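The values are calculated or read from the model by the stated rules, or taken from the named source; none is laboratory data. It should be emphasised that the depicted structure is a prediction, and the values quoted were computed from it without experimental measurement. Cβ sites come from the backbone with ideal geometry, for glycine too, and all protein chains shown count toward neighbours.
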Amino acid sequence: MVTKGDVMKALEKVMDPELGRNIVDLNMVRRAEVEGDRVTVEVALTVPECPLSAQIENDTREAVRRVPGVKEANIIMGAMTDEEREAAYAKVREGYQKQGKGAHPAVEVEPLKLGMSDVFAGVKILAIGSGKGGVGKSTVSANLAVALAAEGVKVGLLDADIYGFSIPRILGLLDVQPTVLDENTLLPIQAYGVKLISMGNFLQEDTPVIWRGPLLIKMIEQFLNDVDWGELDYFLIDLPPGTGDVPLTIMQKFPESRLLLVTTPQETSVHVASRTAHMAQKTNIRITGIIENMAYFVCPHCGERTEIFGHGGTERMASELGVPILGRIPIEVSLREGGDIGRPVLATAPQSTSAQVFREMAQKIINEKI
Ligand SMILES: Nc1ncnc2c1ncn2[C@@H]1O[C@H](COP(=O)(O)OP(=O)(O)O)[C@@H](O)[C@H]1O
Ligand SMILES: [Mg+2]
């Protein structure tokens with residue numbers, strides 16, 4: 001007979017590689033249920049978009065499978081609440097202090113050491129966020145930056161999505177290295193009038209990125225301190241998805257920034273985007289607009305319009321938050337292709353609906369001083 005005790009004992013061997021403690025110790029095991037020879041375990045990660053998720057999931061499954069008598073191991077991955085995460089971090093911190101060690105690199109977020117007022121004085125900062133990945137946040141960030149530049153304003157773009165950096169590909173800047181002027185000066189790379197800095201220009205696309213939180217913040221600090229952005233009117237930031245520490249910290253670093261939320265009309269996307277919105281409100285970041293992506297698809301053959309991801313969720317969120325929907329971008333092959341080949345839709349298909357929507361949004365942002 002398999003008991004819950006056996007399972008918990010086995011789970012004590014599963015480590016969070018970064019925090020250096022086992023998942024039982026960190027209270028990451030939400031649930032462990034035994035039904036005969038079937039075991040269900042739910043693990044809550046400290047950060048939802050944790051790059052170590054697959055490893056922890058595999059280790060958990062292996063550990064449960066090795067318990068004598070277990071035939072089936074069902075592992076469910078979830079994420080901790082803010083309070084749970086703080087409690088887990090507090091434990092790590094305490095353990096570190098007991099051993100007389102300093103700050104744990106994955107737990108302590110250091111404030112940005114930055115004379116931000118000098119570098120970004122008068123620059124309008126637009127952070128582009130989403131509740132989850134895959135909704136087109138990077139596609140929107142890159143194309144909006146190109147559209148703004150096409151209107152004649154000076155645009156910088158920071159690809160802060162270290163886990164899923166994709167802007168260099170979208171702008172055709174893969175394998176382009178920023179020029180290093182001297183030890184402390186890096187020049188951003190440029191395409192379509194947009195100045196860009198991205199982790200993607202320092203790493204290969206398939207490099208496993210296991211940095212989290214604070215290391216990323218350090219990297220971003222360096223991007224902001226050491227990059228000579230020159231004169232800018234707008235500074236766009238492609239945030240990592242979700243409500244993890246990283247997007248939160250970045251937003252806090254730019255108290256003057258405005259948040260643009262990207263969502264699809266689908267309920268789950270709207271739901272998670274609302275969570276990001278509430279996080280922003282907690283830190284007093286103003287949300288200036290919602291961009292609905294993948295709003296609909298028009299069949300190129302018969303012209304019929306299909307709302308692939310449904311309808312209505314975005315409106316509800318807009319009215320709940322009291323912010324406008326800046327634009328609705330359809331699902332278009334030319335937009336996706338542009339991203340794949342590194343030539344934005346504004347250049348390849350300027351008459352397409354998505355190109356038009358990007359132009360209109362850029363004009364709104366400039367004219368309404370968003
Ligand atoms: N409106 C759209 N029409 C067609 N493809 C899109 C659209 N928006 C995004 N995509 C495609 O969906 C994928 C995910 O988009 P991406 O911008 O990388 O999302 P995120 O940054 O939110 O993870 C990409 O392959 C992109 O080309
Ligand atoms: Mg992205």
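Quick look at the values:
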| read-out | value |
| --- | --- |
| Residues of region 339-358 that turn out to be surrounded by fewer than 20 Cβ atoms within 10 Å (Cβ to Cβ) and either in contact with a Cys (Cβ under 9 Å, 6 or more places away or on another chain) or not polar (S, T, N, Q) (or both), as a count | 7 |
| Pairs, first at positive phi in region 337-357, second of a type in the set (Gly, Ala, Ser), C-beta under 8 Å, six or more apart | GLY342/GLY172 |
| Residue within region 262-279 that is within 18 Å of the chain's Cα centre (by Cα) and in a strand (DSSP E or B) present | yes |
| Residue under evaluation VAL246, criteria (1) buried (at least 24 other Cβ atoms within 10 Å of the Cβ); (2) at pLDDT 75 or above, criterion not met | (2) |
| Residue check, VAL155 closer than 16 Å to TRP229 by Cα and crowded, with 24+ Cβ neighbours inside 10 Å | yes |
| Selection from region 311-367 of residues that are among the small types (Gly, Ala, Ser), within 12 Å of ligand 1 (Cβ to nearest atom), under 22 Å from the mean Cα position of the chain (by Cα) and farther than 14 Å from ILE170 by Cβ | GLY327 |
| Some residue of region 287-307 being more than 27 Å from SER257 (Cβ to Cβ), within 15 Å of ligand 1 (Cβ to nearest atom), at pLDDT 95 or above and in a loop (DSSP other than H, G, I, E, B) | no |
| Helices (runs of 4 or more DSSP H) wholly inside region 1-110 that include at least 1 residues being in contact with an Asp or Glu (Cβ under 7 Å, 6 or more places away or on another chain), modelled with pLDDT under 95 and surrounded by 20 or more Cβ atoms within 10 Å (Cβ to Cβ) | 53-65 |
| Residue check, ALA160 more than 21 Å from the chain's Cα centre (by Cα) and at pLDDT 85 or above | no |
| Matching strands (runs of 3 or more DSSP E) fully within region 121-184 where at least 2 residues are within 12 Å of ligand 1 (Cβ to nearest atom) | 124-130 |
